[in-house]
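Participant: Just dropping this structure here.
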Amino acid sequence: MDSIRLLKQHWRPAAAAALLILATVAWYAWPSSSASADAQLVAPVKSGEFKVLVTTTGELHARKFVQVTGPSGAQSVQVYQTKISSIVPEGTVVKEGDVIAELDRQPVAAKVADVTLSLQKAQADFTTAQLDSALNLAQAREDVRTAEFTLEEKKLAREQAKYEAPTIKRQAEIDLEKAQRGLEQSKRNLSTKTKQAVAKMSSVGADLGRQQNNLKNLEQVRDQFSVRAPAPGMVIYVREWNGKKKGVGSSWQPWDPSVATLPDLTQMESETYVNEVDVRKLALGQKVQISLDADPAKKLSGTVTHIANVGEQRPNQDSKVFEVKIDIATADTTLRPGMTTANAIEVASVQRALSVPLEAVVSDGGFSYVFKKDGRSVVRQMVETGAMNDNEIIVRRGVAAGDRVLLTPPADRTGVQTVVIPGLQPVTAPVAGGDTAKSVKTPTPASRPAAGPSAPPAAVVSKH
């Protein structure tokens with residue numbers, strides 16, 4: 001019995017000490033878990049500069065570049081389409097005169113064969129016309145010489161008939177007149193045949209010259225199917241109408257002659273597209289913060305230099321978008337065309353403003369509210385909001401710097417009081433016809449909710 005009594009005397013202090021340790025551990029562990037839950041569900045009201053940003057994704061382009069084009073005279077020789085048979089890899093650094101791409105020569109080769117046949121026929125026609133003209137003119141000249149000899153004979157015959165009978169004398173004169181008329185007719189025939197020969201030779205000669213020029217132009221165009229660099233630089237492919245870059249197998253047409261570009265890498269810009277909802281916020285000269293997907297740590301500054309006046313429908317986009325160009329302020333040798341950029345366009349800035357996360361604000365009956373922590377309790381606080389960005393919204397009245405608001409409304413709103421802003425209290429009033437409408441009136445002291453020991457003031461007004 002003495003031993004049992006002794007054991008109880010020792011056990012009681014040990015149990016008390018163990019309970020004290022457990023209570024201490026629970027005391028320090030409980031605030032830590034509460035603080036963790038509070039950090040996940042509650043956000044403070046921030047005070048300071050508030051920026052309204054429009055964020056877009058863009059692509060780097062050079063502001064100045066040299067176009068690398070295919071044969072300039074293709075359309076004049078009726079070559080309207082071909083394909084790119086080979087092209088150097090994008091990003092290749094070339095020198096002036098280096099071959100960048102080869103176009104398929106099959107269309108121009110077929111044209112060369114056709115024109116060669118036409119040229120041979122024109123040459124044959126020209127030779128035939130020369131021979132015919134030579135024969136015809138020779139015959140006409142011979143006829144003139146014969147008529148001259150006949151005329152000479154008739155003159156002699158008339159001289160001999162001077163002493164003959166009158167009938168013989170008259171016959172000699174008639175024969176002389178016929179000979180004179182024959183000579184004149186022969187001369188006229190020679191003149192006419194000469195003109196005919198000149199006209200025919202001019203016609204076949206023009207056709208021959210045309211075919212020779214066609215062949216010459218085709219050969220020049222064929223030589224230009226080896227596309228060469230007009231200047232040194234880095235080869236960047238151009239895009240087709242559907243946004244896809246040109247490459248091997250892509251079509252080439254004379255009305256869209258570009259094959260590639262040689263950009264000036266010291267002058268770069270980001271080309272982006274902004275939806276029709278946000279484009280009205282933009283203006284020329286607005287500052288832009290630019291980051292690269294390839295190097296997120298690098299930050300560049302830029303300025304909006306171009307905003308399209310007309311929207312367009314881009315592939316894989318449901319809404320209309322407007323082209324926007326952003327000039328990069330400083331040259332950077334690491335920038336390359338085609339790099340993807342993240343652009344944050346600053347459309348507005350408020351130097352001193354209170355802001356809360358967007359998810360902390362709820363709407364009810366045309367008014368905005370936040371659920372604000374007030375000690376251990378929560379109140380439903382009416383707020384007057386202002387501009388917002390992608391994550392936060394300005395609160396003009398209703399909260400103060402340092403207040404804490406819930407990011408999600410509490411599941412149990414029993415006993416949660418609503419605090420309104422003077423002049424913005426919503427009231428439901430009956431309207432003729434049985435409808436109801438929301439109206440706004442300035443609350444009187446009697447209409448304000450009573451403030452209990454833990455309740456906040458009837459209205460919180462913060463001017464910022």
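Participant: Looking at segment 359-366, is at least one residue in contact (Cβ under 8 Å) with a residue 40 or more places away in the chain and among the charged types (D, E, K, R)?
Facilitator: Yes, segment 359-366 contains a residue that is in contact (Cβ under 8 Å) with a residue 40 or more places away in the chain and among the charged types (D, E, K, R).
Participant: If a residue has to be loosely packed, with under 14 Cβ neighbours inside 10 Å and in contact with a helix residue (DSSP H, G or I) (Cβ under 9 Å, 6 or more places away or on another chain) to count, how many in segment 128-141 make the cut?
Facilitator: The qualifying residues number 3.
Participant: Select from segment 228-256 the residues that are assigned to a strand (DSSP E or B) and in contact (Cβ under 8 Å) with a residue 40 or more places away in the chain and list them in ascending order.
Facilitator: 228, 233, 234, 236, 237, 245, 251, 252, 253, listed by residue number.
Participant: Select from segment 210-249 the residues that are closer than 16 Å to residue 72 by Cβ, of a type in the set (Phe, Trp, Tyr) and exposed (fewer than 13 other Cβ atoms within 10 Å of the Cβ) and list them in ascending order.
Facilitator: none
Here, each number is a calculation from the coordinates, and none is a lab measurement. Treat the numbers as computed from the prediction; the structure is a model and nothing was measured. No Cβ is skipped: glycine too gets one built from the backbone with ideal geometry, and neighbour counts run over all protein chains shown.
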